[in-house]
Amino acid sequence: MEPTTISRVAQALATELEHVIVGKSKTVKEALLVLFCEGHLLIEDVPGVGKTTLAKAIAKAVGGDFRRIQFTPDLLPSDVTGTSILNRDTHRFEFQPGPIFANVVLADEINRATPKTQSALLEAMEERHVTTDGVERPTPTPFMVIATQNNIEMMGTFALPEAQLDRFFGRISLGYPDQLNEAKMLETQQISHPLEKVRTVTSPEELCALQRAIREIHVDEKVRTYIVDIVRSTREDALIALGSSPRGSIHLMHGAQAHAAIDGRSFVTPDDVKAVASLVLAHRIITRGEMRHGLEGSAKVITTILDRIPAPLPLR
């Protein structure tokens, strides 16, 4: 698949998503970038800004199955993965798949479930299969987990462990719309919800082909070294208590490849790396002292690192 084709599909998907996520073009592009990289997305924001709507719109636009899991303190791991039930007619246990077996899975308010239930997602997110009763059961392809959490109301919640945060390709925040776009939202939703008008513009099969094609985007050796220098700096910076893992390096490279492909190019430039660095790395670091203000503070530290590390000369 040519980069121009990837760019065309990305633009068509973005157009459909922006029908329901108004005035957030950059955030929509970041969500699509995570999808194209076969990654999982964490959306951290206050209630009512469109987190669930974005997940539903992505599933509808790519023609995939959608399932929602409402995380609560009494949710069990089997409620996520599924369980075996005795068939009275055959006298055999038959596996009943849980909601994790879908193309797009919304883990709503993921931090409200216990760590044991949260960990039920880890195997599926990383290994793309679920092990139940000693049997490995693959998840569908494509497969994307979109998790949400409210970063304001933290009482009665369980913070995501670093191991689980590292499974997410990127973390975004939608934020409030500006006055003009909020007024536009009222106009578009006066009679019906815009989600009803989202068209399917690609297929799961084409999306899988697109995801494979992105891995073929050329990454020069100098750009790979630049990526490693950025990630290693997160482990050495005085403002950072815990730096990014090597998985962060891999995701940063894949994110840069997707960014280049979405722009219609067959090669990665340092600007592609810079464009996705905060998306990919901000949630993988723990900052110290006054800089520890969640996503915003971490993003500022990443920006400081990018300003400090010299980028290789422009590539062609």
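Coordinate-derived values only; no laboratory data. Please read these numbers as outputs of a predicted model, since none were measured by experiment. Neighbour counts run over all protein chains shown; Cβ positions are idealised from the backbone, glycine included.
Within the chain, antiparallel bridges make up roughly 40 percent of the DSSP beta bridges whose residues both belong there. Amide H contacts for G82 (H built 1.01 Å from N in the peptide plane; partners 5 or more residues away or on another chain; cut-off under 5 Å): G98. Using the Karplus curve 6.51 cos²θ - 1.76 cosθ + 1.60 with θ = phi - 60°, what ³J(HN,Hα) values do you get for each residue of the stretch 141-147, in whole Hz, with x for Gly and Pro? Result, rounded to whole Hz: 10, x, 9, 9, 9, 10, 9. Helix 270-281 axis versus longest C-alpha principal axis of the chain: approximately 40°, rounded to the nearest ten.
How far, in degrees from 0 to 90, does helix 51-61 lean away from the longest principal axis of the Cα atoms of the chain, to the nearest 10? Once rounded, the angle reads 80 degrees.
So for the chain, considering every pair of alpha-carbon atoms, how many percent are separated by more than 23 Å?
Numbers: 29394 of 49770 pairs.
Percentage above 23 Å: 59.
Below 8 Å between Cα atoms, with a sequence gap of 6+, how large is the relative contact order for the stretch 1-102 in percent? Across the stretch 1-102, relative contact order equals 19 percent. With kT/(6 pi eta Rh) evaluated at 20 °C and eta = 1.002 mPa s, and Rh the Kirkwood radius from Cα pairs, the stretch 217-308 diffuses with a coefficient of 164 µm²/s according to Stokes-Einstein. When you count the other C-beta atoms within 10 angstrom of each residue and take the mean per peptide, 251-257, 39-45, 108-114 line up highest first as 251-257, 39-45, 108-114.
Close amide H contacts of G170 (hydrogens built in the peptide plane, cut-off under 5 Å, sequence separation of 5 or more or a different chain): H40, L42. So which GluC sites (Glu not before Pro) in the stretch 193-247 end up in coil per DSSP with only 10 or fewer other C-beta atoms within 10 Å? Qualifying residues, ordered by number: E236.
Largest first, the three principal axis extents of the alpha carbons in the stretch 60-184 are 61, 35, 26 Å in whole numbers.
Dipole of the chain computed with +1 at Lys/Arg Cβ and -1 at Asp/Glu Cβ about the Cα centre; of L13, V223, T83, farthest Cα towards the positive end is V223.
Work through the residues other than D166 whose Cβ is under 12 Å from its Cβ and net out their charges, Lys, Arg +1 and Asp, Glu -1.
Details: positive: R167, R171, R247, R284; negative: E126, E162.
With Lys, Arg at +1 and Asp, Glu at -1, the net is +2.
Seen against the Cα atoms of the chain and their longest principal axis, helix 204-214 is set at about 30 degrees. The length gained by stretching the chain between H129 and L76 to full extension, at 0.36 nm per residue less their Cα-Cα distance, is 17.3 nm. Over all other residues within a Cβ to Cβ distance under 15 Å of A261, the charged ones net out to -3, with Lys and Arg as +1 and Asp and Glu as -1.
Set the Förster distance to 45 Å, then compute FRET efficiency between C208 and T114 from the Cβ-Cβ distance, nearest 0.05. The formula returns an efficiency of 0.85 here.
Residues with beta-carbon under 12 Å from that of V130, excluding V130: net charge, scoring Lys, Arg +1 and Asp, Glu -1? List each step's numbers first, then the result.
Values: positive: R128, R137; negative: E123, E126, E127, D133, E136.
Spelling it out: positives minus negatives among the neighbours equals -3.
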